[in-house]
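Read the figures in this text as sums done on the coordinates, not as results from a lab. Source: prediction; values computed, not measured. No Cβ is skipped: glycine too gets one built from the backbone with ideal geometry, and neighbour counts run over all protein chains shown.
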Amino acid sequence: MSTVLCVLYPDPVTGYPPEYVRDEIPEITVYANGQSAPTPRGPLGFKPGQLVGCVSGELGLRSYLESLGHELIVTSDKDGPDSTFERYLPEAEVVISQPFWPAYLTEERIAGAKKLKLALTAGIGSDHVDLRAAAQAGITVAEVTGSNCVSVAEQVVMLILLLVRNYLPSHTFSEAGGWNIADCVERAYDIEGMRFGAIGAGRIGLAVLQRLKPFGLSLHYTQRHRLAPEIEDDLGLSFHADAESLVRSVDIVNLQLPLYPSTEGFFNDALFAKMKRGAYLINTARGKLVERDAVIRALQSRQIAGYAGDVWFPQPAPLDHPWRTMPFNGMTPHVSGTTLSAQARYAAGTLEILQSYFASAPIREEYLIVDGGNLAGTGSASYQLT
Ligand code: NDP
């Protein structure tokens, strides 16, 4: 019998289950890059469209795990030495966590997790696990690659429009009984004709570029490897050798890099200073990619016109986190990758990975981040240990 320790975000304060506003969600079987969506064997322990990412939802895993005789512990109590997570960690063979409510698997915690074999991210982005320590301890790290790329890409398009069109203040005026048109529009523009730049054009970054093409922006990108010429031609992309060149040229920047030691603080005062005055920055990748106070300075000095995203450090963000109240922000809690549509895919992918693991069968290469003491599969392409 194995102990599976699963950390999920808390239930809705209005109670569980919620009253669903729709009866079904579209079924997606193949992603844009040809990768097949999760293919677990046997029944899912939930109906797609249900809220399974919170504690009572349990990712729909209980019946599957208990049918094999395993113990499933589900909690949202993840931080501090007295947390439920720390209490059960020494017993756990598998830890499941989500980036939205991350159970930080630090080097110290890994050192105490003597039975841990699999750290599974129900979603995308395993930076909440110390990947070097996991590799050294022989722990496999896997995530459900591809599961919420479109969810995030759609959010990025929404955030661009929210910021550039000054939607949020206009909504606040209307809710408060106002009709202050001039106040609403004094910072509102069309995005047509603007220049957009992607820092990172991987699965999500490219999906954003594809979605923006019909809006009539000029599209730019930078990353270490150039995309295939057909993709560049199809989207009319301009490649920049580095982020500095990109941010000097564009009006809107989307940051879509994985977080690893050398991308921490990627966006700092020096890079903000190179942006066009009045540019916008979107970050749904990771909070630590941006220096916390540098973005506040850039907003206060009007060097940039707005910052929006859903990623913070730490998560959940403390009440007094300055990004909650900085000017011209379009921040939300970390939600973009956990729509009900995304949950159906990453919960099914979590089940698929567990089925492989408990059958001692190979986990899909595209789901692997660390295996056999080193980066593996998708991890080799997306992460660095330094
Ligand atoms: P990918 O690995 O497909 O894409 C990342 C891209 O970043 C690659 O194309 C890579 O290209 C580029 N890149 C990596 N390192 C650098 C660097 N140092 N400089 C410039 N470019 C770099 O990842 P995804 O698109 O699937 O996801 C990106 C991130 O989005 C995830 O790691 C996660 O943190 C975040 N995410 C957030 C979610 C949310 O809910 N907000 C949900 C899902 C993901 P190259 O190797 O050529 O440099």
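Charges only on Cβ, +1 for Lys and Arg, -1 for Asp and Glu: so what's the dipole of the chain about the Cα centre, in debye to the nearest 20?
600
With the highest mean first, a sort of the peptides 145-157, 209-221, 356-368 on other beta-carbon atoms found within 10 angstrom per residue produces 145-157, 209-221, 356-368. Which residues in the stretch 24-60 have a backbone N closer than 15 Å to a point placed 7 Å from the Cα of Ala359 along the Cα-to-Cβ line? Answer for the stretch 24-60: 38-44. Grouping the Cα pair distances of the stretch 149-331 into 5 Å bins from zero gives a pair-distance distribution of 1, 8, 17, 21, 21, 16, 9, 4, 2, 0, 0 percent in increasing distance order.
The phi-based Karplus calculation (6.51 cos²θ - 1.76 cosθ + 1.60; θ = phi - 60°) puts the 3J(HN,Hα) values of the stretch 223-228 at 6, 6, 10, 6, 6, 4 Hz, whole numbers, x for Gly and Pro. Here the contact order of the stretch 149-331, divided by its residue count and restricted to Cα pairs under 8 Å and six or more residues apart, works out to 19 percent.
Could you list which residues have their amide H under 5 Å from that of Gly306, counting only those 5 or more apart in sequence or on another chain, with H placed in the peptide plane? Amide H to amide H, under 5 Å and 5 or more residues apart or across chains, Gly306 pairs with Leu281. In the chain, the DSSP-assigned H stretches of four residues or longer account for a calculated mean residue ellipticity at 222 nm of -8500 deg cm²/dmol, using -39500 (n - 2.57) per stretch and the full residue count as denominator.
Does anything in the stretch 141-173 have its amide N under 12 Å from the 7 Å Cα→Cβ label point of Ala381, and if so which residues? Only 145-146 fall inside the zone, counting backbone N under 12 Å.
Once Rh is set to the Kirkwood radius over Cα pairs, what Stokes-Einstein translational diffusion coefficient, in µm²/s, holds for the stretch 298-364 at a temperature of 20 °C and a viscosity of 1.002 mPa s? Diffusion coefficient, whole number: 143 µm²/s.
Between Asp183 and Met1, what FRET efficiency comes out of the Förster formula 1/(1 + (r/R0)^6) with R0 = 45 Å and r the beta carbon distance, rounded to 0.05?
0.10
Computing FRET efficiency as 1/(1 + (r/R0)^6) for Asp269 and Asp242, where r is the C-beta to C-beta distance and R0 is 22 Å, gives about 0.85. Considering only DSSP beta bridges where both residues belong to the chain, give the percentage that are antiparallel (nearest 5). Taking every DSSP beta bridge with both residues in the chain, the antiparallel ones total about 10 percent. By the beta-carbon count within 10 Å of each Cβ, the least crowded to most crowded order of Tyr346, Tyr260, fewest first, is Tyr260, Tyr346.
Quick note on the chain: its Rg to Rh ratio, both from C-alpha atoms and Rh being the Kirkwood radius, is 0.97. With the simple spin-label model, which puts each label point 7 Å out from Cα in the Cβ direction, the Arg165 to Arg211 separation comes to 1.4 nm. Within the listed set His70, His240, His334, the residue fluctuating most in the Gaussian network model of the chain (springs between alpha-carbon atoms under 10 angstrom) is His70. Look at Cys54, Cys6 and count the other Cβ atoms within 10 Å of each Cβ; fewest to most, that gives Cys54, Cys6. Using Cβ contacts closer than 10 Å as the measure, can you line up Asp233, Asp310, Asp23 from fewest to most? Ascending Cβ contact count within 10 Å gives the list Asp23, Asp233, Asp310. Per residue, the convex hull spanned by the Cα atoms of the stretch 126-240 amounts to 158 cubic angstrom. In order along the stretch 63-79, phi translates into HN-Hα couplings of 5, 4, 5, 5, 5, 8, x, 8, 9, 10, 10, 10, 8, 10, 8, 10, 10 Hz, rounded to whole numbers, per the Karplus curve 6.51 cos²θ - 1.76 cosθ + 1.60 with θ = phi - 60° and x for Gly and Pro. Think of the chain as having a plus end and a minus end, set by charges on the Cβ of Lys, Arg, Asp and Glu; of Val129, Ala298, Ser170, Ala298 sits farthest toward the positive end of this dipole. Any chance you could check the Cα centroid distance between the stretch 113-161 and the stretch 59-87 for me, in angstrom? Centre-to-centre distance over Cα atoms comes out at 18 Å.
Only Cα pairs under 8 Å and 6+ residues apart enter the sum, and on that basis the relative contact order of the stretch 295-347 stands at 39 percent. Phi-derived couplings, Karplus 6.51 cos²θ - 1.76 cosθ + 1.60 at θ = phi - 60°, listed residue by residue for the stretch 122-131: 7, x, 10, x, 10, 6, 6, 9, 5, 5 Hz, with x used for Gly and Pro. Take every pair of alpha-carbon atoms less than 8 Å apart whose residues are at least six positions apart; their mean separation over the length of the chain yields a relative contact order of 19 percent. Under the simplified labelling scheme, the Lys115-Glu71 pair shows an inter-label distance of 0.6 nm, with each label point 7 Å from Cα along Cα→Cβ.
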